[in-house]
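Take a look at the structure below.
The values are calculated or read from the model by the stated rules, or taken from the named source; none is laboratory data. Everything numeric in this text was worked out from a predicted model, so none of it was measured. Cβ coordinates were reconstructed from backbone atoms using ideal geometry, including for glycine residues, and neighbour counts include every protein chain displayed.
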Amino acid sequence: IKWLKNEILNFLKGFPDVSIKAEEIKVEIPENKLIENMDGAVKSYFNVLMWSKQEPFGVINVCSYRENAFNEDDERFLNNLAKQSSNILSRLKDVIESQKRKLQTIIDGIPDGMIMFDSNDGSILTNPVADEIVRTYSGRDVTLKSIEKTFKISFMDLLNELKENNKTVRKEIILGENENKRIYDANVANLENPDGLIQGLVMVLRDVTKERELERMKREFISNVSHELRTPAAIVKEFISILSDGVAGNINKEQKEYLSIMLNNVERLLRLIENLLNMSRIESGRFKINRKDVDLNKLLIKIKESLEVRLLKNGQKLKLNIPRKLPVIKADPDALMQIITNFVDNARKFSSSDSIITIEAYEKDNKIVTCIKDRGRGISPEHLDRIFERFYRIEMPEDEKKEGVGLGLPIVKELVTLHGGDVWVESEVNKGSCFYFSLPVN
């Protein structure tokens, strides 16, 4: 093979315009034709240049173990073959170059930063937006090293993470400080070769600084408004209770009914305000879990007693199905109370007036699994993946719409996550739902 390469290179010396290195020449010999000493075994060979737009770009070498193996007909045939191959490859090259230019135009026009990394040779390809980000925050030219240092990442570590997860990876990258601070949402995906093997990655950087600032302002607004509403609403509730109890004077049956309706709506308003405040605290990181030793049997009995009065008003029943002794766990009892209350309240709203709601709890795989089961209308499959999203509500007919703004279940998910647990739901339309959450025993 080395000998053949040298012969081809010697042949190419007669063409000063041709620039082909030895490592660019590929020689393939069928296994059944391999012999120990190629030098001297080849009796005749033939070289044909390949041209593209009057520029040579390659060479075909044909060799034989026979002397005088090629005649003029062979020469004409090989020249025609080279010419036709050159035309085909030239057109293919034009198509590839055209597609590359189109792709580069698209990449350059993307408003987000884009970085492509090839793990085979460590090369990178960036668009102007990514170049500007790296130069601004590193003060250096765009190289693999400057990118990794600026973003505090390792492309090889990201590749390993992609191989393990077999999906995209998302990261938040924060650059600069104070007025120069920018926040980028980085989405990383595989680059695969035709055989499906990962040969690199592509990272898209989207500037989400304004979105994060708007989210912060929204949280502050909701928190401030909720605080302002909570105090007067609590005062209204207190005075309604005073009037309803007859402390301010005797009231008749009809007046008592009106006051009861007012009290129910004020309590509903206070629950909404509390949910808004809790979500604001969770999103801002101000919600702290106060872990204590919790006797689940006692806590679940206490929760049942506090909630069943509310359900009895609707003609509903609350059952508790738990073993005699559940393990003591480290958790925030107030948070657990809110988790189960929100689940039961959700079941109450979507169940008929004579239905039974059941709280079940059991130990499995070193976790405590709790389920709130109802026999309500159920949830169709297309909604199951979204019901734990903030403010997500299932569209219902006007006469069947329920109270709430879609915060109860998202708060549950956040509280369970803060405890290191999981939350999920199983449901069947017209048969009911079972909302689960699990908490680690240790």
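A few comments on the model shown:
- Any hit, segment 113-135, residues being in the same structural domain as L158 (by TED's automatic domain parsing), out of contact with any strand residue (DSSP E or B) (no Cβ under 8 Å at 6 or more places or on another chain) and at pLDDT below 85: yes
- Pairing each residue of segment 248-273 that is polar (S, T, N, Q) with any residue that is loosely packed, with under 14 Cβ neighbours inside 10 Å, provided the two are 6+ apart or on different chains, yields C-beta distances under 9 Å for N264/K313.
- Residues of segment 312-324 satisfying the condition of being closer than 16 Å to F350 by Cα, touching a residue at least 12 places away in the same chain (Cβ under 8 Å) and over 39 Å from the mean Cα position of the chain (by Cα): N314, G315, Q316, K317
- Total residues in segment 331-340 satisfying the condition of being more than 12 Å from L300 (Cβ to Cβ) and either in contact with a Leu (Cβ under 9 Å, 6 or more places away or on another chain) or among the polar types (S, T, N, Q) (or both): the figure is 4.
This table checks each residue for (1) aliphatic (A, V, I, L, M); (2) within 17 Å of L125 (Cβ to Cβ); (3) assigned by TED's automatic domain parsing to the domain that holds I115; (4) surrounded by 15 or more Cβ atoms within 10 Å (Cβ to Cβ).
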position: E148; (1), (2), (3), (4): no, yes, yes, yes
position: S154; (1), (2), (3), (4): no, no, yes, no
position: I183; (1), (2), (3), (4): yes, no, yes, yes
position: L191; (1), (2), (3), (4): yes, yes, yes, yes
position: P194; (1), (2), (3), (4): no, no, yes, no
position: M203; (1), (2), (3), (4): yes, yes, yes, yes
position: R219; (1), (2), (3), (4): no, no, no, yes
position: H227; (1), (2), (3), (4): no, no, no, no
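- Test result for E389, of a type outside the set (S, T, Y), in the same structural domain as E428 (by TED's automatic domain parsing) and either farther than 14 Å from Y436 by Cβ or crowded, with 17+ Cβ neighbours inside 10 Å (or both): yes
- Annotation: of all residues in segment 367-402 being modelled with pLDDT under 75 and in contact with a helix residue (DSSP H, G or I) (Cβ under 6 Å, 6 or more places away or on another chain), the one that is nearest to A347 (Cα to Cα) is K402.
- Each residue in segment 66-78 was checked for being loosely packed, with under 14 Cβ neighbours inside 10 Å and under 23 Å from Q54 (Cα atoms), and 3 of them qualify.
- The sole residue among V425, V412, V405 that is within 24 Å of R219 (Cα to Cα), β-branched (V, I, T) and modelled with pLDDT of 80 or more is V412.
- Any pair with Cβ under 7 angstrom, 6 or more apart, that starts in segment 109-135 at a residue that is assigned to a helix (DSSP H, G or I) and ends at one that is surrounded by 14 or more Cβ atoms within 10 Å (Cβ to Cβ) and not β-branched (V, I, T): V129/D112; V129/G113; A130/G113; A130/M114; A130/L205; I133/G113; I133/L205; V134/S146
- Qualifying position, being part of a loop (DSSP other than H, G, I, E, B), farther than 23 Å from T209 by Cβ and not acidic (D, E), among K145, K167, K163: K167
- Residues that are surrounded by 12 or more Cβ atoms within 10 Å (Cβ to Cβ), in the same structural domain as A234 (by TED's automatic domain parsing), at negative phi and of a type in the set (K, R) are absent from segment 245-254.
- Among the residues of segment 266-301, those that are assigned to a strand (DSSP E or B), surrounded by fewer than 18 Cβ atoms within 10 Å (Cβ to Cβ) and of a type outside the set (K, R) comprise D293, D295.
- Scoring V309 on the criteria (1) loosely packed, with under 14 Cβ neighbours inside 10 Å; (2) part of a strand (DSSP E or B); (3) among the β-branched types (V, I, T) leaves a single failure, condition (2).
- Residues being closer than 17 Å to V416 by Cβ, among the aliphatic types (A, V, I, L, M) and in contact with a strand residue (DSSP E or B) (Cβ under 9 Å, 6 or more places away or on another chain) - total across segment 327-337: 3
- Residues of segment 302-311 that turn out to be over 21 Å from I261 (Cβ atoms) and either in contact (Cβ under 8 Å) with a residue 60 or more places away in the chain or in contact with a strand residue (DSSP E or B) (Cβ under 7 Å, 6 or more places away or on another chain) (or both), as a count: 2
- Verdict on E274 being in the same structural domain as S226 (by TED's automatic domain parsing) and among the acidic types (D, E): yes
- When residues of segment 113-130 are limited to those that are within 17 Å of V188 (Cα to Cα) and not aliphatic (A, V, I, L, M), the one surrounded by the most Cβ atoms within 10 Å (Cβ to Cβ): F117
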